[in-house]
């Protein structure tokens, strides 16, 4: 009876293997067909479609890409990848390419993986609860003398990541890939797309990761970036998480001398894992920016890139695109940090207002919390009130907090700000993307 059972087990296993092979070959044929179309670009956003684009109709929680197919065709796109179950009841040119598939997102991700395997690049993966985008940008700037590409803006999700890979120039020696997640196994899916040579984790927090019960769970999910063959770098502060401690190869820090890469802020000296000491003068004083820069340098040294190649680019490091971007208006320093906001990034931004003059914070609400929103806003408000001279707030989410100034719109908070501003003040403007805090500058 036992032999009989084992026989059917192996028969079923054999059938499953055969079916998987057939699926693999079928998908490989599809990927090659899509590549041979020679699309000018690949898109999931109908607004970005132009002539000869290839569009992937992704069905999301709020928007279904299939709703825009008429627009896609009118813009003379090369073709569309749609769900096989979708009823396409609109007219289209006879030479228009239509691909019906079981799962559009899986095809998008599979195509990106298929394309990337054709290139012999050194792939660098960067993740973290915060600091990953600016670390990516710093690294890209430092590698300015080399052949390098990076993922576009913050295209780091299950959809944005493969789209970015398909559209960036892959005829380079290095690719810098930013990876984000909201749930367990999402980093793993991104790693399946891009086999990584060097990986870095900047930070861990569960403030903005509402699907995780603790920061330890976040650390476990982030550790999916380690693929077994990569060289792993982590912020030294993350050694408290065993899963990261056990898999790390190198650490970096501006606070702990035991790190493999340690930068002494007072002396301006970097000591690396080979005990080399290098003097570095960064074009900023904010500790969180220096920490991100040291993270970037640690990657370069692990890649065996000599200091002489990238130190000259230190002076070019800068923040922009509304990420701790400094703007001087009428002798007043504004820190335009409007791209997004979480508890940790709010606190770091407030604490890194380096000035002996008056400090003013203008904070929009944070919108990514499924629960504990009141508590999270209380934490930030408390830090603001302790660290700045004047704290102003925008959004309903702050209104339960006593004895603070809360405004309902950009114009009213800007008008109040104009009444109290003095020359040489420093003003931090920060909030979630939903609040578009940069609009305050339209009224100043």
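The length gained on full extension between residue 326 and residue 386, counted as 0.36 nm times the residue separation minus their Cα-Cα distance, comes to 19.4 nm. Using C-alpha pairs below 8 Å separated by at least 6 residues, the relative contact order for segment 317-444 is 37 percent. According to the square roots a ≥ b ≥ c of the eigenvalues of the Cα gyration tensor, what is the shape class of segment 24-108, taking rounded for a/c under 1.5, prolate for a/b larger than b/c otherwise, and oblate for the remainder? Rounded shape, in that the Cα axes give a/c under 1.5. Between segment 143-162 and segment 271-309, what is the separation of their alpha carbon centroids in Å? The two parts, judged by their Cα centres, are 21 Å apart. Structure remark: mean-square fluctuation, Gaussian network model of the chain, C-alpha springs under 10 Å; the largest value among 312, 61, 220 belongs to 61. Between residue 227 and residue 436, what's the calculated FRET efficiency when r is the beta-carbon distance and R0 is 51 Å? Round to 0.05. The value I calculate is 0.85.
Placing R0 at 41 angstrom, the Cβ-Cβ distance between residue 267 and residue 423 gives a FRET efficiency of 0.75 after rounding to 0.05.
Over all pairs of different C-alpha atoms, the chain has a mean inverse distance whose reciprocal, the Kirkwood radius, equals 24.3 Å. Size descriptors for segment 325-443: radius of gyration and Dmax over Cα atoms are 13.0, 41 Å. Kindly work out what percent of the DSSP beta bridges joining two residues of segment 325-443 are antiparallel, to the nearest 5. Expressed as a percentage, antiparallel bridges in segment 325-443 total about 20. Against the chain, whose longest principal axis comes from its Cα atoms, helix 410-420 is set at around 20 degrees. GNM on the chain, alpha-carbon springs under 10 angstrom: the most fluctuating residue among 377, 66, 400 is 400. Contact order for the chain, expressed relative to its length and based on alpha carbon pairs under 8 Å spaced 6+ residues apart, stands at 10 percent. Spatial offset of segment 343-404 relative to segment 409-425 amounts to 17 Å, using the alpha carbon center of each. A simple spin-label model places pseudo-atoms 7 Å from Cα toward Cβ; at residue 309 and residue 146 they are separated by 0.5 nm. Comparing 40, 121, 345, which has the greatest mean-square fluctuation in the GNM of the chain with Cα pairs linked when under 10 Å apart? So, out of 40, 121, 345, the one fluctuating most is 40.
Values quoted throughout were computed directly from the atomic coordinates according to the rules given, and no laboratory measurement underlies them. Since the model is a prediction, treat every value here as computed from it, not as a measurement. Don't worry about glycine lacking a Cβ; one is built from the backbone with ideal geometry, like all the others, and counts go over all protein chains shown.
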